[in-house]
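The values are calculated or read from the model by the stated rules, or taken from the named source; none is laboratory data. Only a predicted model underlies this, so the values are computations on that prediction, with no experimental measurement involved. Cβ placement follows ideal geometry from the backbone for every residue including glycine, while neighbour counts extend to all protein chains displayed. To get the accessible areas, we keep the full protein, side chains included, count just its heavy atoms, and leave off ligands, DNA and RNA. Shrake-Rupley method; radii C 1.70, N 1.55, O 1.52, S 1.80 Å.
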Amino acid sequence: MRKEIAFLAGPRDWGVTRESWLARVPEKVQTVTFRTVKALWYGEITDPDHWAARDIKRAVEILQAQREAAALASQLESIVSGLNVTDPNFHQPTIAALVGTLRKLRGEDRS
């Protein structure tokens, strides 16, 4: 559980206290409180099936999926740019398919 909390809290600078660092988690997971996060961090709550632990794990999965989608979108943009430079007329069907995929990844597709 500590890895998930650390992932959500983000990097900890030298001037940041542990309490203020842990307080970042309830900002990202609205269903947990600072006290609950602190109890999970210090091992006061050990049940892996605790509702707060499940909510934190779910938030980590969502954040990781969003980051992976952003990385994939960046790669697809590079591919589309390369195809446009090479021969946009020849690669038009591929470019259109990739642009459609990009829109879906970003949630811009209305269909």
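The share of accessible area on the chain that comes from carbon and sulfur is 54 percent, using a 1.4 angstrom probe. Helical content of the chain, expressed as a calculated mean residue ellipticity at 222 nm, amounts to -21500 deg cm²/dmol (DSSP H runs of 4 or more residues, -39,500 (n - 2.57) each, divided by residue number, nearest 500).
About the centre of its Cα atoms, the chain shows a dipole size close to 240 debye [charges on the beta carbon of Lys, Arg (+1) and Asp, Glu (-1) only; nearest 20 debye]. Which net charge results when you count Lys and Arg as +1 and Asp and Glu as -1 among the other residues whose beta-carbon is under 15 Å from that of GLU61? In short, +3. Looking at the chain, the accessible area is 68 square angstrom per residue; that uses a 1.4 Å probe and ignores ligands, DNA and RNA.
The slack in the chain from LEU105 to SER74, taken as 0.36 nm per residue of separation less the alpha-carbon distance, amounts to 10.1 nm.
Over the chain, the reciprocal of the mean inverse Cα-Cα separation, the Kirkwood hydrodynamic radius, stands at 16.7 Å.
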